[in-house]
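The values are calculated or read from the model by the stated rules, or taken from the named source; none is laboratory data. No experiment lies behind these values; they were computed from the predicted model shown. Note that each Cβ is placed from the backbone with ideal geometry, even for glycine, and that neighbours are counted across all protein chains shown. Note: accessible area is taken over every heavy atom of the protein model, side chains too, but ligands, DNA and RNA are not part of it. Shrake-Rupley method; radii C 1.70, N 1.55, O 1.52, S 1.80 Å.
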Amino acid sequence: MKKILVVLSILPLLVNGIALAYLPDTIPAHYDFNGTVDRIGSKYEILIFPIVIVGVMVLFLYLSRYYANRSETKNQSQILQLGIAISVVYNVLNAYILMNALDVGSNAMSTSILQSVVGMILVVSGVCTRRASQNSFFGVRTKWTLLDQDAWKKTNRLGCVCLIAIGILCFTNLIDSIFLLVLSLGVMSIVLVVYSYYVYKQNVVKM
């Protein structure tokens, strides 16, 4: 899985580097959440996000090594799977952006593409959150989930459901703006914090 993660993370940088020779000097450089180009920039800007993805890969590999050193093989596997899933989604998005850049006349990105990318990342994150063991880096980490194993399990189970639900809403266009997305994630975060506290207190009373 480490090799797959490295290949998928470096691939966009290599592809975009080769594509520089065929790109015009200026290309669509930024899209709003509705898929419309809102800024034109230098063709070299097409290297920015691939470089960021390589940085993210380094972070995932570091976390993988951290879990391996602690013999937490389940968390190590989950973090690598999440990294691979994010890299696959980004490769699809990068290919779409690159095709638009090669054809300057195509100055809009389908809203459904952007929403599907966000939805896929949220769904994959939800699945990985559900399966994560108690740790300090990955999953729904609050003061109370880190103190109580049962609070961790129940809160992360709810977090999984919330992330998948928001991801599905993105797929179905019910969440069609960055405001609604941020609002949904904000409400989810508040609910999870309160729920983790509730579960922890319930367990303390039982003890």
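Here are the numbers for this structure:
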{"read-out": "Within the accessible area of the stretch 47-103 (1.4 Å probe), percent carbon and sulfur", "value": "69"}
{"read-out": "Contour minus Cα-Cα distance for LEU102 and VAL56 (0.36 nm per residue)", "value": "13.9 nm"}
{"read-out": "Cut-off 18 Å (backbone N to label point 7 Å along Cα→Cβ of GLN149), residues of the stretch 187-202", "value": "199-202"}
{"read-out": "Tilt relative to the chain, helix 2-19 - C-alpha long axis, 0 to 90 degrees, to 10", "value": "20"}
{"read-out": "Between 0 and 90°, nearest 10: helix 48-69 axis offset from the chain longest Cα axis", "value": "30"}
{"read-out": "Heavy-atom accessible area ranking, 1.4 Å probe, most first, across TRP152, TRP144", "value": "TRP144, TRP152"}
{"read-out": "In Å², nearest 10: area of THR26 left accessible to a 1.4 Å probe", "value": "80"}
{"read-out": "q = 0.13, 0.16 Å⁻¹: log10 I(q)/I(0) that the Debye formula gives for the chain, counting C-alpha atoms only", "value": "-0.82, -1.10"}
{"read-out": "Helix 149-171 vs. the chain, principal-axis angle (Cα, 0 to 90°, nearest 10)", "value": "30"}
